[in-house]
Each structure stands twice: as structure tokens, then as C-alpha cells.
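Student: Here it is: the structure, laid out below.
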Amino acid sequence: MRTFSQVILSLSFVFIVGCSTAEKEKPYTIGFAQCTHGDDWRKAMLEGMEKELSFHPQVKLLMKDAHDDSQLQIQQIRELVASKIDLLIISPNEAQPITPVVEEVFNQGIPVIIVDRRTNSKLFTAYVGGDNLQIGQTAGLYVGELLQKQGKVLEITGTPSASAASERHQAFSQALRKYPGIELMPSLNGDWERPYVMKRLPEVLKKNPDVNLIFAQNDRMALGAYQVCKALGIEHQVKIVGVDGLSGPKGGLQFVEDGIFKATLLYPTGGEEAIRTALKILDNESYAKENILGTLVIDSSNVHILKQQSEKIVDQRQDIQKQQVRIEEQNRLYDSQQTVLYILGASLLTAVVFAGIAYKSLRSNRRITQQLKNQNEEISAQRNTISELAEQARQSTEAKLGFFTNFSHELRTPLTLILGPIDELLAAAPAGSNQRKDLEVIQRNARWLLKLINQLIDFRKIEVGKMPLRVAQYDLVSFTRTLLQAFEKTAQQRGIHLRFLPADALINAWFDANLLDKVIVNLVSNAFKFTPDHGSITIVLQTQSTDDTIRLTVEDTGPGLSEEQQNASLNGFIRGTNPLVWVRVLVWPWQKN
Ligand code: FRU
């Protein structure tokens, strides 16, 4: 049985474990060292990452925002490594100061994906982002054609130590060299943000009021440039070209559509691609080291369609999000249903185990019941035999007693017939003659014999219930005293000291005088029989208030009864050696007075 339950329990364990270890993706932690999170382009990048991660709920993303501070970014990279990340994604704030720490992480064996901006080293696992050289070049060629190869151009750069800024500048200026009619002014550092442009540009424009075009390295700085031009009243004279091409009300697409910008160059954030590449690397799948995202010029000719597309993308993204919420709900439901299923499975198996145990004990119960039944049958057969034997014994005793009683009756008739002539002979016999003495002996013994036979017949009557008790209330003291008077003469003759000691002068009790006198006379006669001459016989009457009985004790100086003989004294004719004989007479109710 034990092995059976063990097997079932192991099966349930296997079932539960089997169910719960369904194919699951590995949990990864990806660290993301972001140079800044303070603008919409970076927010769009994170959104893209989160969208992609929502398909991989077991992957955790830890992002740290360096707020355009390279030292802070170095420190944050070390913190990410200390928190045991499996892979690092970094958008380096500045190329040069960040390069050593990125190499360090790479050399530790942690895969590194660089996004958007680059370091100065080749020690990284993969790059995901736009090609900033291409962006600069495309912008330069576009500007040259837009100005019809003539005019004055101002470039507003991002922080120059960032690779995106230096590469865009390098390729832009190089592209414009194709157009000798275009004058490229010394560039203005806008540090990627509109407020710096608003602060630094007015002075430059005041000195150079004939500028025809401003190329800002992102749309935020381009907006700042437009606002400065507008403030100076030259917004219609100065064409504005930006980079990024974000959708949304504050995005470059909107500004192109509104005619504020002449154009913007699409610079995809690459959030989704960065996560996809990260998972390929972590899952040891093949991946490309360089993942360059394309660019294009967005101007009035294509902004409409691009806006529509990007709106569609936004809609789709929202749909995906909704779907994902639904999927999560479904997953939760599935999980809870799965749990219920496991519980049901386990309960089922447990039920099978218990059913097995119950079946076993049912069988053993049946066996035990059958054994008991057999034993019962045996016992009742034995009981029947015993009662048959008892019945046989009773019948044989009955037959013996019947014979004995009949025989007693038969004896009484001739004895009565003997006693009649004896009485007559005695009446005629002369007083004091030997003949009379002999006749008296014959008469006494014949009467004694008759009395014994009568007692035998009475005993039999009591036995068969034919002799009803005739109880009445008498004084037991005077009753006993009267009986004892008959023995006084014998006592005198044999020198026996006969004493009667009642507990009270009067003891009223209910009894059958006819039967009790036989009991007392018998006991006293016995005492006389076994007491030697000059001995003593004491009859005591005691009342027992505790159990409503009266004790009659006949004590003599004869050989007495042993304990065994005492116990048997009421069942037969016993002669013994102990001087104390007692008998208990049950009476009801008795009164003291
Ligand atoms: C966002 C941003 C973009 C720009 C990129 C260059 O922080 O300034 O506008 O294209 O960074 O790294």
C-alpha cells in the first residue's frame, strides 16, 4: 500500500512540476545608461524599448539618466554593472570621456550596445542608430539644392564632443563644399537645447542679418532658431532645416507641415531595434554589429504622407498596447486557471490514493467481519450444545428428584402406619417397664424419620415452587425463644450451657414461621449433635441497620466448620471443625419495636 501511495504522490509531483515548467524565456536584466531623458526624442526612444520589452515580460530594464553629465554617466554605468546586469545599452553623452568605461565593461564580458551616439573605440558588441555622417551629408546636399547653390548658411550644432554633433557637422560642411556659391558660417554650439539657441543666436544674427538658411542639428534647436528669427522679423527670409522628424504636436513633422521648417531629417530613435538586438545577443543568436537606421529628408513634398504614416504607427502602437493589456489579462486568467488545474489534478490524484486506501481497508474490514461472523456462529453453536446439555442435566435431575419425592411419599405411608400401632402399644405398656422404654425409642425414631421425610417433601415443594411463602409479621425474639425451649431439657441432661442473646427485647420481622422454624431447629439440633457434653451453644440475634437484615448466629463448642464448609453450608449437609455456624435470614420489612 505504501509503495502504491508513494507512486501516486510522485506522479502528482511530476504532474505539478511538469505543468509548471512549461517553456519559459530566461529572465535578463538590461542596464540602460541614457545620456539624458529630458526631451521628447529620448522619451520616444524609451517608449520604443518598452513596447518591445512588453513582448518579453521576463526581461527587466534598469535605466539611469545622466542629465547630459558625462561624469554622472560613468558613475551610473558602474552602478549598473554592480547590479549584475546581463547587457549594457548606452547612449554616450560625450565620446571621449565615456570611451574608457565602456571598454572596461566590454572587457568584463558584458555585452555592450551603443545607441545614437558613439564612443571613440571599436570595443563594443553592437551599434544601433542612425548614421550621423549620412545625416550631415544628406542635409548638406539638400541645403545646397534648396538654396540653388547660393547663399549664407549657419549651422547650430549639438554639444561638439558628442559624436552625433561632430559627425553631422563634419559631413554637412563637407557636402556643402560642393557648392562654392554657398558660404558656411562658423557654427554655433546650441548644446542640443532650444534655450541655449534662444540665448546665443540673436547676437550672431544681428552681426549677420543676411543669413539665408539655418541648419540646426535637431528640431528643438531649429524651433529656437525660428523663434529668434521671428523675434527679429526675419522668419520669412531665413529657411530652417532641422533633424529628428518626430511626430506629435511638438515634433518636427508638425513644424514642416506648418511651414515653420523648410525640412527636417528623419533620425529614428532605434528603441525597439536596440532591445531586439540585445535579446539576440543574450540568446546567442546571430546579430549584426552595425545596425544602421535609415534617414530621409521630410519637407512639404512628403510630410503629409509621412505624418499619416506616423499617425498610423502611433495608432498601431496604441492598439498593440491595448492588445498587450488584453494579453496580460488573458495570461493572468490562464495562470489562475492553470493553478486551478494543478490543484484539481493534485486533488484527483489524492482522491485516487485515498480511494485505494479506502478500498484496501474495506476489504480487510470485510475479512474481519467474516471472521467475527464465523466466531459468532461457533459460539452460538457451543451455546446451543451447552443449553442442550443443561436441559438434559435438568431433566435427569428432575427425574431423580421426582423418583426421590415419590419414594419419600411411599415411605411416609408405611411410617404413619407403624406410628399408629406404636402409640397404641405405648398407651397399653406399663410405666417404667423395659418394653415401654423400647417402645418410646421406637416411637421417637419413627417420628424423627417421619419429620425428615416431611422436610424432604417440603424441600422438594419449595424447589418446584409449589410451596408458597406464608409470611406474616412476628416477633423474632419470642419466636426463637419458644423454639429453644424444646432444647432446654436435652441441654440440662447433657450439661450443655444453652444461651440465647437477642440484640433487642423485641424484633419485629416478616417471615414464614413454618419454614424458619425448620431452619432454626435444624441449626440448633446440629449444634447439639456435635457439641460434647458440658460444652456450650450460643444463639445470637443481631439486626443490621445497613442492609435491613437480621443475622442469626449459632455458635457451639463442637468441632466447627472450615471456611470451605461454611461456604457450602447452605447447599448440603456439612459437618466441620470450626465452632462458628451462622445463617442469614432475609426478611422485609422489619421494625425494631
Ligand atoms: C536627443 C537628441 C536628438 C538628437 C540626438 C543626437 O537628446 O538631442 O534631438 O538627434 O540627441 O544624439
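The values are calculated or read from the model by the stated rules, or taken from the named source; none is laboratory data. Worth saying up front: this structure is predicted, and the values here are computed from it rather than measured. All Cβ positions, even for glycine, are placed from backbone atoms using ideal geometry, and neighbour counts span all protein chains on display.
Student: Against the definition (in contact with a helix residue (DSSP H, G or I) (Cβ under 7 Å, 6 or more places away or on another chain) and assigned to a helix (DSSP H, G or I)), how does Leu425 come out, yes or no?
Tutor: The answer is yes for Leu425.
Student: Only residues that are more than 15 Å from the ligand (Cβ to nearest atom), closer than 20 Å to Leu61 by Cα, of a type outside the set (Asp, Glu) and surrounded by 14 or more Cβ atoms within 10 Å (Cβ to Cβ): list them for segment 79-100, please.
Tutor: Scanning segment 79-100 gives Leu80, Val81, Ile85, Leu87, Leu88.
Student: Please verify whether segment 153-161 includes one or more residues that are within 27 Å of Gly294 (Cβ to Cβ) and touching a His at 6+ places or on another chain (Cβ under 6 Å).
Tutor: Within segment 153-161, one or more residues are within 27 Å of Gly294 (Cβ to Cβ) and touching a His at 6+ places or on another chain (Cβ under 6 Å).
Student: So how many residues does segment 105-132 have that are away from the ligand (no atom under 15 Å from the Cβ) and assigned to a loop (DSSP other than H, G, I, E, B)?
Tutor: 10
Student: Given Leu333, Leu411, Leu349, which one is out of contact with any strand residue (DSSP E or B) (no Cβ under 6 Å at 6 or more places or on another chain), among the aliphatic types (A, V, I, L, M), farther than 30 Å from Ser247 by Cβ and loosely packed, with under 11 Cβ neighbours inside 10 Å?
Tutor: It is Leu333.
Student: So which residues in segment 167-183 are surrounded by 13 or more Cβ atoms within 10 Å (Cβ to Cβ) and not in a helix (DSSP H, G or I)?
Tutor: Tyr179, Ile182, Glu183 - these are the residues of segment 167-183 that are surrounded by 13 or more Cβ atoms within 10 Å (Cβ to Cβ) and not in a helix (DSSP H, G or I).
Student: Report the residue count in segment 189-219 for those that are within 16 Å of the ligand (Cβ to nearest atom), touching a strand residue (DSSP E or B) at 6+ places or on another chain (Cβ under 8 Å) and closer than 22 Å to Val297 by Cβ.
Tutor: 8
Student: Would you mind listing the strands (runs of 3 or more DSSP E) fully within segment 237-303 where at least 2 residues are of a type in the set (D, E, K, R) and under 18 Å from Ile156 (Cβ atoms)?
Tutor: 239-244
Student: Still on this structure, please answer the following. Can we say Arg444 is in contact with a Leu (Cβ under 7 Å, 6 or more places away or on another chain), charged (D, E, K, R), at pLDDT below 90 and under 30 Å from Phe511 (Cα atoms)?
Tutor: Details: in contact with a Leu (Cβ under 7 Å, 6 or more places away or on another chain): no; charged (D, E, K, R): yes; at pLDDT below 90: yes; under 30 Å from Phe511 (Cα atoms): yes.
For Arg444, the condition - in contact with a Leu (Cβ under 7 Å, 6 or more places away or on another chain), charged (D, E, K, R), at pLDDT below 90 and under 30 Å from Phe511 (Cα atoms) - is not met.
Student: Taking Ile135 as the residue in question, decide whether it is within 13 Å of the ligand (Cβ to nearest atom) and closer than 30 Å to Ser83 by Cβ.
Tutor: When the stated conditions are applied, Ile135 does not pass them.
Student: Same structure, new question: For residues that are within 16 Å of the ligand (Cβ to nearest atom) and surrounded by 17 or more Cβ atoms within 10 Å (Cβ to Cβ), tally how many sit in segment 41-61. Break it down stepwise before answering.
Tutor: Step one: of segment 41-61, the residues within 16 Å of the ligand (Cβ to nearest atom) are 41-49.
From the residues that got through so far, the ones that are surrounded by 17 or more Cβ atoms within 10 Å (Cβ to Cβ) too are 41-42, 44-46, 48-49.
Final tally of qualifying residues: 7.
Student: Now for a different question. Could you check segment 228-265 and list, in sequence order, the residues that are under 28 Å from Val115 (Cα atoms), without any contact (Cβ under 8 Å) to a residue 60 or more places away in the chain and surrounded by 21 or more Cβ atoms within 10 Å (Cβ to Cβ)?
Tutor: Answer for segment 228-265, where residues must be under 28 Å from Val115 (Cα atoms), without any contact (Cβ under 8 Å) to a residue 60 or more places away in the chain and surrounded by 21 or more Cβ atoms within 10 Å (Cβ to Cβ): Ile240, Gly242, Gly252, Leu253, Phe255, Val256, Phe261, Thr264.
Student: Kindly evaluate Leu213 against the criterion of being farther than 18 Å from Leu176 by Cβ and among the aliphatic types (A, V, I, L, M). So that I can check it myself, show each step before the final result.
Tutor: Numbers: farther than 18 Å from Leu176 by Cβ: no; among the aliphatic types (A, V, I, L, M): yes.
In short, no.
Student: Exactly one of these conditions fails for Gln75: (1) surrounded by 17 or more Cβ atoms within 10 Å (Cβ to Cβ); (2) more than 16 Å from the ligand (Cβ to nearest atom). Give me its number.
Tutor: Going through the list (1) surrounded by 17 or more Cβ atoms within 10 Å (Cβ to Cβ); (2) more than 16 Å from the ligand (Cβ to nearest atom), Gln75 breaks only (1).
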